[in-house]
Each structure stands twice: as structure tokens, then as C-alpha cells.
Amino acid sequence: MEQSALLVTLLAMLCVLLASGTWVGLTLVALAAVAIEIFASRSAGAPVATTLWSSSSTWMLSSLPMFVWMGDILFRTRLSEDLFRGLAPIMGRIPGGLLHTNVMGCTIFGSVSGSSAATLTTVGQMTLPELKKRNYPEHLTIGTLAGPATLGLMIPPSIIMIVYGVMTNESIAAINIAGILPGFVLAAMFTVYVIVAAKTDPTYKPVPEPATSWREKLSALWLLVPVHILLAIVLGSMFAGFATATESAALGVAGALGLAWWQKTLTWKNFVDSLMGATRTSAMIALILAGSAALSLAMGYTGLPNDLAQWVATFNLSAMGLLMALLLLYLVLGCFLDGISCVVLTIGIVEPMVRQAGIDMVWFGIFVVLVVELAQITPPVGFNLFVLQSMTGHNIFRIARWSFPMFMIMFIMVFVMIQFPGLATWLPSLMLPVTVQ
Amino acid sequence: MAGVRAANSSQHHALDKTWNRLDRLYLYSGYLAAVFLVLIFLTTMLQVASRLVGYNIRGLTDFAGYFMAASAFLAFAHTFNHGGHIRIELFLSMMGRFRTVAEWFSFLVAVATAGWLAWYAWSMVYWSYKLNDISQGLDATPIWIPQLSMAIGLSVLAVSVVDHTLRLILTGDHRLPTSPDAL
């Protein structure tokens, strides 16, 4: 009885505070304070402060600013130009033509950047004008950008996976590695879609690309080498157990700085801009995480998540039933909240249920990321839709309609993941543990 | 409200000057946070290097953790001032003339929460100092020293939230940019 009063109060408070525009991190702190003071009848200030300190000063969390900084440095290099100039001669003549540069560009950039919007802007700035010039139909150009850009969340390093790892106490490196195969499968599915769309869409009449010789193709490939070396360092060191997530992230920063220096784009201004950008982005995430730490503490006092898990258990849902319920929950939440807030708000409550159902937490992390990716292109609040709206001037509902085939592909991918869980769990099972800590 | 806005211009000038100074406070605090971010990078690289030569420096990961906290807390206000912290603006934009009421409400909640956090952060530092709390890790740092970053950062955040709330009340505009940096 008292638990349901608590649940209703907290949910009502959450809705009112979020809808009125209260900052997500502070909203969570306020909820925690109310839950502890009123429902657990204790003084909340001291324990919340201690929790904020201990959750924010963990070394595990420090992979976050490192990966963010790495992406921010690369964002300011010639990387996106090189990606396009390298990919265009290779992709130009196959069915779908330069539309493939959207998918491939997002796949590659997604693997150096941890966020979806950064991937979208970097790749889109380059491909959108070029594809328009060559008369590619706009609905395909924009649609095949909106979907694949979400690969930034799935292909490591991924900020949202770091957040998930910190919250569930699972290995950040393992979760990131787990994203590789599903990311590639998704990219392959997008590629197939591009080919099919190019063959069947009557409006698809681009200016044909000039034929390129093998020599030109090879020299174009050469442009893609540096970024792949960087990727090999970051993912390889993590996978081989040579470095922890934070260490490989720091190596990535060093590599990105080196790359920028080599390309002569490492000016003092670019350095400071990337550093301040990374500082703000990680502070933004840290505030939400701090709020969630406070809320988890409160939940621990009240025992709500366990009671909820037990309540859910009384329905005797199969693992599949639970996943479908959660899929629905995340799709609805994702309509109003950004990906990280979705994860932060729910994981504390969802984790006991999922563990109780015997679902692998690393696999579940990939599931959540995939579902959150879906939410990035659902109206009315999809971050990718907003970014594309400001880039192209089209209204978000039109962009959402154009991205709908991508939405369906990702939706199918959810079931592929459920059918073949090994996609996510196989690679992490091969990882070597980090020997020295 | 109109009466306040029509107040004499020298008063306005003084306000603008204060606001400029405060903006600089947030920015410098942000720069300091960025320095700590670089320190995370340097300690982590040092850790990798020391492992390569087979020598382990004690407590490096603990320091990386303190730098992480400092880099986050000290940047809160700067990020807030930059419109970087996440809030949902969808419903605000649908509220029409009730928007102002909702906006006031959200700012007042933020003032209460940030102020409350800052207060208890200082109290935590005080007790760590008083009880002579030492880090559990290998570094054996008196814990109140790194904890200062949290108290200072949250205090500057509280100041900036109060500051923008006053801007909202006095001028009807909280002057926070709307577009978030990244994500």
C-alpha cells in the first residue's frame, strides 16, 4: 500500500518536473530527496552528498570524458571530408551509389564517436550537399542518414554504453565490444535497403558517377587508413586485454591528437574548442548520472525496485514477454526523452527484473541501446530528427516519415537480436581480461 | 514587472556588469574543469606507460577518479550557462501563456535542489576534515581535499541557477541558450 503511494507520488512528481522543463539531473535529485525524507523518514542531505561524491569520483567513469574528447577532436579534423572523398569513388558505381556513403560514413564515424548527433552532423554536413548536387532524391538521402547515424550509439566506443556499464556495474569494455557485431549487422541491413531502394524507387535518377580506375580507388582507400589505425588501437587494446576502457580511451585521445596534428588541423583554437566541448558534454552526462545515483540510493532505502520486480514476477512473464513490455516502455519514453536520460531513469528499476528473468546484462545493454536508437528517429522527440530539421529545414514529421524504413529495419533487428543473442555475447566472451589493474 | 524594467539605467548598467562578472566566474570554473580533464588524460597515459615498463605507480586510478569528479563538478555551472544540461522543452513550447509560470517553477525547483546539494556538499567536506577521513585506496589522501571540488562546483552551480532565475524574474528572459552542445 505504502509502496504504491510512493510510486504514484514519484511518478507524478517526475512528470510535473520534467514537463515544466526542470533539468533532468536536478529532477532526479529532487525525487531522491522527497523519497528519502518522506517515505523512508530519514534525513537525505548527508547520504545524498556522500553518494554523489562516491559515484562521481570513480575511475570507471573517467572513460566517459576521454571518449567524448576523442570524438570532439576528430570532429574538428578533416575526417568527414576524407571519409566522403575516400568512399565516393568506391561506392559511386554500385546500385545505390553515393547513398552508401551515408551508411558507410556513419558506420565508420560512429566507431570513432560515441554519440548519434555528432555522427549525424559530421557525416551529413559532407554528404547532404554533395548528394543534392547529384540529384539524389531527398527522401532517400535524408532517410538513409537519419537511421544509420544512430550507429554512433551502437558501434563502440559509445557514451550510452559507458553510462549503462557504470549503472549496472558491468564491464564497460565488454559492453562496448558487444556492440560491434550487432552494429555491423545493422549496417549491412541498411546497405541492402539502399540497394533495394535504388532499384525500385521511381524517383531515383542520380547523375551517374564517372568511372574510376583501380588506381583511383586505391588512392581513395588510402585516405581511410588513418582512422582505421586509430580504431584498431582503441578497440584492439580493449579487446586484447591490454588496456581498460579508460586507458584505451586515453590512447584514442592521443591518437586523435596525433591525427589532427598530422593533418595540420590541430590549431590552439581547435584544441581548446574540443576540450571545452568535451568538458561540457561530460559534465552534462555527469549531472544526470549524479542524479541517478541519488535516486538509486533512495530506491535502496525504500526497496521499491525489488518490490516492483517481485510484483512483475507474479505475472509469470516469460523472458520474451518481459522484453516486449520493456520494448514498449522504451519506445514510449524515447518519444519524450533523449537516450541517456531513458537509460538513467529506468535501469535502476529495470535491472532487478531483468536479472531475475535470467537475462544476460551485457546482452540487455545492447538491447537497450538498440531500442534507444529506435527512439532517436521517432517523433515528436527524436534527437536525430531535430538535428536533421535544423540541417535541412524540413519539418520533423516529414523527416520521420522518410526515416520510417530505417525504423522498420531497426525494429526487425530487435528480433534478430532476441533470436540470435550470440551476436552480442560472442565477442565479449573471447575478450582477454585486463591483467594489471 | 514593467516598473522593474523601467528602473533607471544606471541600475541596469550595474546589473549588466554583475552578470558579466558572473559569466566570467562560470567560464573560469569551466576552464579549471577542462584542466582536470587533461589531467585525467595525463594520469591514464602515465598508467599505461608505467605498465609498459613494468612499474606500477600506487594510487593513480584513485587520482584519475578525483580528477573525474573535479572535472565534472567544476563544469556544472559553465555547462548550465551554456544551455548544455538536458531539459525537456517540448511541453514548455506547447504551454503558450502558461509557459512563464512553468518556467518560473522549474527555475525555483532548480534553485532549491542546487542550493540544497551545495549546502550538504560543504557539510560533507567539513565532516571529512573533522573526522580526518583518509581515502580507502592506495593513495591515502585526506579525502576532504578532493571533495572540495564537489563543494565548490555545486556552489558555483547554485550561484548560476540563482543568477539565471533572477535574470528571468527581472527581465523575463533567463538568457540560457536553447541548443545543447552535443548528443
- Message: Anything in region B:103-115 that is closer than 24 Å to A:Ala290 by Cβ and over 12 Å from the mean Cα position of the chain (by Cα)? List them, or say none.
- Response: B:Glu103, B:Phe105, B:Ser106, B:Phe107, B:Leu108, B:Val109, B:Ala110, B:Val111, B:Ala112, B:Thr113
- Any chance region B:169-178 includes a residue that's surrounded by fewer than 21 Cβ atoms within 10 Å (Cβ to Cβ), touching a Lys or Arg at 6+ places or on another chain (Cβ under 6 Å) and assigned to a loop (DSSP other than H, G, I, E, B)? yes
- The one condition A:Lys264 fails out of (1) outside any helix (DSSP H, G or I); (2) touching a residue at least 60 places away in the same chain (Cβ under 8 Å) is (2)
- Of all the residues that make up region A:78-100, how many are basic (Lys, Arg) and part of a helix (DSSP H, G or I)? 1
- Restricting the search to region B:95-114, which residues are at the interface with another protein chain (Cβ under 7 Å from one of its Cβ atoms) and in contact (Cβ under 8 Å) with a residue 40 or more places away in the chain? B:Glu103, B:Ala110, B:Ala114
- Message: Given the criteria out of contact with any Gly (no Cβ under 7 Å at 6 or more places or on another chain), free of Cβ contacts under 8 Å to residues at least 12 places away in the same chain and away from chain B (no Cβ under 14 Å), does A:Asn169 qualify?
- Response: yes
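Would you call A:Leu14 more than 9 Å from every other protein chain (Cβ to nearest Cβ), surrounded by fewer than 24 Cβ atoms within 10 Å (Cβ to Cβ) and among the aliphatic types (A, V, I, L, M)?
yes
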- Message: Being charged (D, E, K, R), in contact (Cβ under 8 Å) with a residue 60 or more places away in the chain and touching a Gly at 6+ places or on another chain (Cβ under 6 Å) is the requirement here; does A:Asp82 meet it?
- Response: no
- State whether the residues of region A:336-354 include one that is loosely packed, with under 15 Cβ neighbours inside 10 Å and at pLDDT below 85. no
- With respect to the numbered conditions (1) part of a helix (DSSP H, G or I); (2) under 29 Å from the mean Cα position of the chain (by Cα); (3) facing chain B (nearest Cβ under 8 Å), which one is the sole condition not fulfilled by A:Ala33? (2)
- Scope region B:10-59; condition touching a residue at least 24 places away in the same chain (Cβ under 8 Å), farther than 19 Å from B:Leu148 by Cα and out of contact with any Asp or Glu (no Cβ under 8 Å at 6 or more places or on another chain); matching residues: B:Leu15, B:Asp23, B:Thr43
- Scanning region B:79-94 residue by residue, the ones that are in a helix (DSSP H, G or I) and more than 7 Å from chain A (Cβ to nearest Cβ) total 4
- Message: Taking the conditions exactly as written (in contact (Cβ under 8 Å) with a residue 60 or more places away in the chain, within 27 Å of A:Pro405 (Cβ to Cβ) and assigned to a helix (DSSP H, G or I)), does A:Leu120 satisfy them or not?
- Response: yes
- Query: Among the residues of region A:289-301, which ones are hydroxyl-bearing (Ser, Thr, Tyr) and either within 12 Å of chain B (Cβ to nearest Cβ) or under 23 Å from the mean Cα position of the chain (by Cα) (or both)?
  - Reply: A:Ser292, A:Ser296
- Within region A:124-205, which helices (runs of 4 or more DSSP H) (wholly inside it) include 2 or more residues that are under 18 Å from A:Ile285 (Cβ atoms)? A:151-154, A:159-168, A:172-178
- Query: Can you find even one residue in region A:373-385 that is at pLDDT 85 or above, touching a helix residue (DSSP H, G or I) at 6+ places or on another chain (Cβ under 7 Å) and either surrounded by fewer than 19 Cβ atoms within 10 Å (Cβ to Cβ) or among the hydrophobic types (A, V, I, L, M, F, W, C) (or both)?
  - Reply: yes
- Task: Go through region B:123-168 residue by residue and tally those that are of a type in the set (Ser, Thr, Tyr), part of a helix (DSSP H, G or I) and over 17 Å from the mean Cα position of the chain (by Cα).
- Result: 4
- Query: So A:Met60 fits all but one of (1) more than 9 Å from chain B (Cβ to nearest Cβ); (2) farther than 28 Å from A:Phe190 by Cα; what number is the exception?
  - Reply: (1)
- Message: Whether any residue in region A:281-288 is under 21 Å from B:Thr43 (Cβ atoms), within 9 Å of another protein chain (Cβ to nearest Cβ) and either more than 21 Å from the chain's Cα centre (by Cα) or not in a helix (DSSP H, G or I) (or both) is what I want to check.
- Response: no
- Pairs with Cβ under 7 Å, 6+ apart, first in region B:123-138 and within 12 Å of chain A (Cβ to nearest Cβ), second of a type in the set (Phe, Trp, Tyr) and crowded, with 16+ Cβ neighbours inside 10 Å: B:Met124/A:Trp53; B:Val125/B:Trp144; B:Ser128/B:Trp144; B:Asp133/B:Trp144
- Query: Does A:Gln310 meet the test of being surrounded by fewer than 20 Cβ atoms within 10 Å (Cβ to Cβ) and either in contact (Cβ under 8 Å) with a residue 24 or more places away in the chain or touching a strand residue (DSSP E or B) at 6+ places or on another chain (Cβ under 7 Å) (or both)?
  - Reply: no
- Matching entry among A:Ile73, A:Ile38 (being part of a helix (DSSP H, G or I), more than 9 Å from chain B (Cβ to nearest Cβ) and either out of contact with any helix residue (DSSP H, G or I) (no Cβ under 6 Å at 6 or more places or on another chain) or of a type in the set (Phe, Trp, Tyr) (or both)): A:Ile38
- Query: Would you pick out the residues in region A:205-263 that are aromatic (Phe, Trp, Tyr) and more than 30 Å from A:Ser429 (Cβ to Cβ)?
  - Reply: A:Trp214, A:Trp222, A:Trp261, A:Trp262
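The values are calculated or read from the model by the stated rules, or taken from the named source; none is laboratory data. Quantities reported herein were computed from a predicted structural model and do not represent experimental measurements. FYI the Cβ positions are ideal-geometry reconstructions off the backbone, even for glycines, and counts take in every protein chain you see.
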